[in-house]
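A.B. asks: First the structure, then my questions, so here it is.
Please treat every number below as a calculation from the coordinates, not as lab data. The shown structure was predicted, so the numbers you read here are calculated from the model rather than taken from an experiment. Because the Cβ atoms are built from the backbone with ideal geometry, glycine has one as well, and the counts that use them run over all protein chains shown.
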């Protein structure tokens with residue numbers, strides 16, 4: 001079985017209000033339960049805002065530490081799920097369910113290197 005990363009990209013800005021976020025979280029709970037029941041769930045997590053990021057770069061003078069995200073952008077990685085699937089088509093089915101749960105946010109499906 002191949003592992004896939006299902007990554008959720010979200011725009012910069014405040015967390016959606018509870019009347020929006022509560023429905024999304026219910027859909028995610030259902031999806032995660034279905035992934036676990038199917039034996040496809042490996043790991044999932046949401047991330048704090050990009051302002052909490054720290055970037056480390058190795059250089060000639062040692063490690064340089066920079067606060068904030070790696071790149072400035074209007075979107076950032078907001079959360080992710082790692083799954084196992086028999087092939088890309090199966091991973092895309094799970095990715096489609098995730099995209100439906102977090103709509104209108106995009107979801108990227110990418111295989112891990114073996």
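A.B. asks: Does a label point 7 Å from the Cα of residue 74, set along Cα-to-beta-carbon, have any residues of segment 1-44 with amide nitrogen under 19 Å, and which are they?
C.D. replies: Counting only backbone N, you get 8-16.
A.B. asks: Ok, one more. Rounded to the nearest 500 deg cm²/dmol, what is the calculated helix-only ellipticity per residue at 222 nm for the chain, with -39500 (n - 2.57) per DSSP H run of length n ≥ 4?
C.D. replies: That comes out to -10500 deg cm²/dmol.
A.B. asks: Next question. Can you tell me the FRET efficiency between residue 21 and residue 82 if r is taken as the Cβ-Cβ distance and R0 is 25 Å, rounded to the nearest 0.05?
C.D. replies: Plugging the Cβ-Cβ distance into 1/(1 + (r/R0)^6) gives 0.65.
A.B. asks: Here is a further query. With the Cα gyration tensor of segment 1-49 in hand, give its eigenvalues times 5 under a square root as the equivalent ellipsoid semi-axes, listed largest first in whole angstrom.
C.D. replies: The answer is 24, 15, 7 Å, longest axis first.
A.B. asks: Sticking with the crude label model, points 7 Å out along Cα→Cβ, report the distance from residue 9 to residue 53 in nm, one decimal please.
C.D. replies: Simple spin-label model gives 1.3 nm for this pair.
A.B. asks: Pairs of alpha-carbon atoms within less than 8 angstrom and 6+ residues apart define the contacts here; what relative contact order does segment 1-87 have, in percent?
C.D. replies: Computed over segment 1-87, the figure is 52 percent.
A.B. asks: Continuing with the same structure: Stokes-Einstein at 4 °C, 1.567 mPa s, Kirkwood radius from Cα pairs: D for the chain in µm² s⁻¹?
C.D. replies: In µm²/s, the coefficient rounds to 83.
A.B. asks: Would you mind classifying segment 49-93 by shape? Square roots of the alpha carbon gyration tensor eigenvalues, ordered a ≥ b ≥ c; an a/c under 1.5 is rounded, otherwise it is prolate if a/b is larger than b/c and oblate if not.
C.D. replies: The shape class here is prolate.
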